[in-house]
1. Among the residues of region 135-149, which ones are over 14 Å from Trp445 (Cα atoms) and part of a helix (DSSP H, G or I)?
2. Would you check which residues across region 298-323 are part of a helix (DSSP H, G or I) and free of Cβ contacts under 8 Å to residues at least 24 places away in the same chain and list them?
3. Can you pull out the residues in region 22-47 that are closer than 16 Å to Arg374 by Cβ, among the hydrophobic types (A, V, I, L, M, F, W, C) and assigned to a loop (DSSP other than H, G, I, E, B)?
4. Please work out which residue is farthest from Val38 (Cα to Cα), limiting yourself to region 188-210 and to residues that are in contact (Cβ under 8 Å) with a residue 24 or more places away in the chain and not in a loop (DSSP other than H, G, I, E, B).
5. So, restricting to helices (runs of 4 or more DSSP H) that lie completely within region 344-449, which ones have at least 2 residues that are within 24 Å of Ser224 (Cβ to Cβ), modelled with pLDDT of 95 or more and touching a helix residue (DSSP H, G or I) at 6+ places or on another chain (Cβ under 7 Å)?
6. Give the residue, chosen from Val298, Val270, that is among the hydrophobic types (A, V, I, L, M, F, W, C), surrounded by fewer than 12 Cβ atoms within 10 Å (Cβ to Cβ) and either modelled with pLDDT of 95 or more or within 29 Å of Val213 (Cα to Cα) (or both).
7. Here is a list: Leu258, Leu251. Which entry is buried (at least 17 other Cβ atoms within 10 Å of the Cβ), out of contact with any strand residue (DSSP E or B) (no Cβ under 9 Å at 6 or more places or on another chain) and closer than 30 Å to Leu413 by Cα?
8. In contact with a Pro (Cβ under 6 Å, 6 or more places away or on another chain) and in contact (Cβ under 8 Å) with a residue 60 or more places away in the chain: does that describe Arg217?
Amino acid sequence: MKPRPVWALYVLIVGLALHNLVMSLLWRAGVRGSALTVVAAWKDVLLVAALALVIWLRRGLPSKATPQFKATPRSKATPRFKATLQFKATPCDWLALVFGALVVVYGLLPQSWLGGGATHRGVLYAARHDLLPVGAYFLGRGLDLTEDERARICKLVVGVAAFVAALGLLDVYAVSLSWWRGSAGWFRDQLGLVYRGLSGLPENFVYNSGNNVIFRRLTSTFLSPLATSYLLVTALFFVPLRKRWGWPVALLIFVGLLFTHTRSALLALVVGLLVLAVVRRSLRTALYAVGVVVVTLVFVQGYDHIAPRAHFTPSELVVQKQIARAHPSTSNDPTSVNESSTSEHLASLRDGARTVVRHPWGYGLGNSGVTAARTHVDVKAGESTYTELGVEAGVLGALVFAAWSLTLLRATLRRPWLGAALAAVLVLGLQTDVIGVPWVAVTVWALAGDSV
């Protein structure tokens, strides 16, 4: 077997988990603007280079000798063997290619034709965002991992998640919120994301109980409770509980997940466990799902008694009062459907779906989600992966992505732990832009491609 760039996948799994923290520290150290943008592109360069190398190496790699018959003067057919490529296209491959082609086409179409208003920079950002799982999928598809390599990757994912959880737990208790306010400029000046409620930090950096008292959420190396929770949910399905170290590591990761206070991630964990229980016909796994529900309800209700407290600055309190007056009917009960964060997510999903239905041919790349916010254009849809894709690549693009995802899910269920992880990620995609977290897009889709 020819050498393959499996090391690139190792680097991406570790590097993408540290990316946001390192970039914010570089910004604080004075590396800013175009220089930091170039440094931040390491992940894209590495993925493209690894994918190109895989394609190059597989060009001359035979799978088996296929007999080709040639007539002899005696009219007898004697076999002559001809090498064929090892790669045989599957429905997953074709759906991935069709989705990728649609993204490229919508990136090339003039915005004026579609009614969009994205900038050229926004189109490039959106193309990178939408094509990331496609590139990761074909990287995993081409690496053709051995069982030993796959086992090492699983251990690496678990190790990264344990590190992220442990560091995050230390952070929420040992590092003050005031120190993190010094990184707000990275979000505002480098990424172009304007947040008002927490001195430039994302509002979800903390949990607001509504009584002018805030509680820290685990953000860890991602500087985001949401992105951190998605990594931790994914990694929980990779933990081998039969190993002696399995349960302690799983508990560490689960505690870290609880401290992110991300209820959608905990719900996705329950869905993934139920999928795993059905595939394995395991009553024990179903009981794990019930246990997660019970612990989650108890934990989110008592979070303000456990989590470390912080306080708004005077200027932040002014903004918070303005927000409260704008949304007087929302609840502060974390288990209520009318809770401010939950109601906001549901409203965003509903509005995004209506936009897709009203404009089924799409607005073109760069008109939804964080990409539109960063480039300061009208955000046509946010939060949900599926509505964002529907806005950018039309109903057809969203449907092709959904079909690809379901076909991929069916293929990965042959490795139940991976299928359950993918199921959890796809459920998260209903409420959030899950492929907008590069670690998830690369790790999950690369391993899914390998399973095909």
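1. Scanning region 135-149 gives Glu147, Asp148, Glu149.
2. Val298, His305, Ile306, Pro314, Val318, Lys321, Gln322
3. Matches in region 22-47: Ala41 only.
4. Taking the candidates together, the pick is Asn208.
5. 385-412, 416-431
6. Step by step, each of Val298, Val270 is checked, and only Val298 is among the hydrophobic types (A, V, I, L, M, F, W, C), surrounded by fewer than 12 Cβ atoms within 10 Å (Cβ to Cβ) and either modelled with pLDDT of 95 or more or within 29 Å of Val213 (Cα to Cα) (or both).
7. The match here is Leu258.
8. It is true that Arg217 is in contact with a Pro (Cβ under 6 Å, 6 or more places away or on another chain) and in contact (Cβ under 8 Å) with a residue 60 or more places away in the chain.
The values are calculated or read from the model by the stated rules, or taken from the named source; none is laboratory data. Keep in mind the model is a prediction, meaning the values are calculated, not measured. Cβ sites come from the backbone with ideal geometry, for glycine too, and all protein chains shown count toward neighbours.
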